[in-house]
Amino acid sequence: MNSVSSPWWSPDRHQDRRPFLLARGRIKAAIRAWFEEQGFVEVETACLQVSPGNETHLHAFETALVGTDLARRPLYLHTSPEFAMKKLLAAGEERIFTFAPCFRNRERGALHSPEFTMLEWYRTNVPYEQVMADAADLLALACKLTGQRLVSWRGATCLPNGEAERVTVAEAFGRYAGIDLLSTIGVRAPHTPNHSSRGEGASTGGEAARDFLDRDLLGHLAEGAGITAREGDSWSDIYARVLAALIEPRLGLGRPSLLIEYPAHEAALARPKPADPRVAERFELYCCGVELANGFGELTDPAVQRANLEAQMRERRTIYGERYPIDEDFIAALAHMPPSSGCALGFDRLVMLATGASQIDQVLWTPLPDGAK
């Protein structure tokens, strides 16, 4: 039987995948021990939530809770355990981690599965540079366990034990695309009307003072870098296209990269940087051009957080014709949440890179059938 066309449960194909799966278990055990040695508590978060998350381009699985009276209440499978974990911080937990099953629609490929495992952790009262260091340490730990001294994926290579490069998003746009990104982001006081025909993202009550985006200027600069700015594209659309085409493929080559200080407009759950509110305390860890982790210095202002999430959902309705509810319990918990930093790491991707697997289905014990695209 051809192992490529056979189902994942066929003995021949399973034997091909089994070394990756056994390594997955060893990596998970080592990571658990790493967190426990530092005083973390492992938690388990519910998958069913009133809101799956409020990022514009994340697509959730919707279901319904049927009560004993047969009344139906819409619920969602979470796209991340983030809201639930932050509620635990508000409850008094100080160092927590979880291996959470997560669910995202419209995602399937070598690096994506609709159901996947998120390793997420939080520390209270530490700068977000600490969780940056955590993420880099976990990459090194996983590769040390498997003996993977040189990570390779689709022709790119990276020494996982190398000291991670830190580069700001603005520096990366200048270095790899020749774009002065910060020149397209303005700052004005909240409640100030937006009078520019080129601007977007007008401020609303409680929203942070960092949301004037010059879409036309970014479009012009992107065109100069060879990226087409289509009619109807927003600032975020153009930004994302440049990031995906010109920036991300160059990150994590030779050594891991920490891409830091994201535009605040692209970091709705992160604290604005005190010295420059145009950017936020958000980072991503890359290895071989693959994004592994996404972390924040956490935003804890309930009014600003609500405004940011509402803005994301307005944009979602404009693009996709739908929106997800705001988790009011999460907003209420923020008032009790201490200063914190957290990170979400794609555990399956980490296992892929640490074992030399070429696609995510190789490291999932029971992947979706091949025909479920």
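Rule-based calculations on the coordinates, nothing more; no lab input. Note that the coordinates shown come from a computational prediction; the quantities given were computed from them, not determined experimentally. Counting neighbours? That spans all protein chains shown, and the Cβs are built from the backbone with ideal geometry, glycine included.
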Once the convex hull of the C-alpha atoms of segment 296-347 is built, how many Å³ does it hold per residue, rounded to a whole number? 107 Å³
Report the gain in length on full extension from Arg73 to Lys144: 0.36 nm times residue separation, minus Cα-Cα distance, nm rounded to one decimal. 20.9 nm
Compute the long axis of helix 215-224 from its Cα atoms, compare it with the longest principal axis of the Cα atoms of the chain, and write down the angle in degrees, 0 to 90, nearest 10. 60 degrees
Base-10 log of normalised Debye intensity for segment 241-373 (one unit scatterer per alpha-carbon) at q = 0.19, 0.20 Å⁻¹: -1.19, -1.21
So what's the gap between the Cα centers of segment 5-46 and segment 70-126, to the nearest angstrom? 18 Å
Pairs of Cα atoms under 8 Å, at least six residues apart: use those to get the relative contact order of segment 11-363, whole percent. 23 percent
Whole angstrom only: what separates the Cα centroid of segment 320-373 from the Cα centroid of segment 144-159? 23 Å
Nearest-0.05 FRET efficiency for Asp276 and Asp329, computed from C-beta distance (R0 30 Å): 0.40
Longest principal axis of the chain (C-alpha) makes with the long axis of helix 302-320 (C-alpha) an angle, in degrees to the nearest 10, of 80 degrees
Pick from Val151, Val187, Val242: which is most flexible by mean-square fluctuation in a GNM of the chain where alpha carbon atoms under 10 Å apart are linked? Val187
Lys/Arg Cβ at +1, Asp/Glu Cβ at -1, dipole of segment 11-363 taken about the Cα centre: which of Val126, Ser152, Val66 is farthest positive-ward? Ser152
Over the alpha-carbon set of segment 1-119, work out the extent along each principal axis and list the three values in angstrom, largest first. 50, 43, 32
Starting with the highest mean, order 251-257, 53-59 by the number of other Cβ atoms within 10 Å, averaged over the residues of each peptide. 251-257, 53-59
So what does the Cα-only Debye profile of segment 43-192 read at q = 0.11 Å⁻¹, as log10 I(q)/I(0), no solvent term? -0.70
About the Cα centre of segment 11-363, how large is the charge dipole given +1 on each Lys and Arg Cβ and -1 on each Asp and Glu Cβ? Please answer in debye to the nearest 20. 700 debye
I'd like to know which of Ala164, Phe103, Ala140 lies farthest towards the positive end of the charge dipole of the chain, counting +1 on Cβ of Lys and Arg and -1 on Cβ of Asp and Glu. Ala140
When only alpha-carbon atoms are used, what values of Rg and Dmax, in angstrom, describe segment 11-363? 20.4, 65
Projecting each Cα onto the charge dipole of the chain (Lys/Arg +1, Asp/Glu -1 at the beta carbon, about the Cα centre), which of Leu89, Ser236, Tyr286 comes out farthest on the positive side? Tyr286
